[in-house]
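Q: Dumping the structure here so I can ask a few things about it.
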Amino acid sequence: MIGVFNGMTLTQIHHEIEQTSERRTELWNSLSHGYDPAVAAELKSLSNHLDRLWDEERTLKAALRFGDRDHIVARARVEERLERAA
């Protein structure tokens, strides 16, 4: 299905990024009042999750723009073989 990556649409990814970013902001605010190891751990987990979401978004956008990665790689390998044979 076009516009879906890992079962998520671009809109769903953006929505999750927004929610996760809001929660991360709340945690940073909480940490500004004093260090709490549990808050710091959740903050780190959310930051990692946001990194994965941004990666998913970039991957999905690239697939929408250029096509399926596996198909592109296969086509490039064929072209490479043809160039070597020529």
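Only the coordinates and a few stated rules stand behind these numbers; no lab work does. Just so we're clear, the structure is a prediction, and the values are computed from it rather than from any experiment. Cβ placement follows ideal geometry from the backbone for every residue including glycine, while neighbour counts extend to all protein chains displayed.
Q: Where does helix 37-66 land angle-wise versus the long Cα axis of the chain, in degrees 0 to 90, nearest 10?
A: Relative to the chain, helix 37-66 is tipped by roughly 30 degrees.
Q: Going highest first, how would you order 15-24, 71-80 by mean Cβ packing within 10 Å?
A: For the peptides 15-24, 71-80, the packing ranking is 15-24, 71-80.
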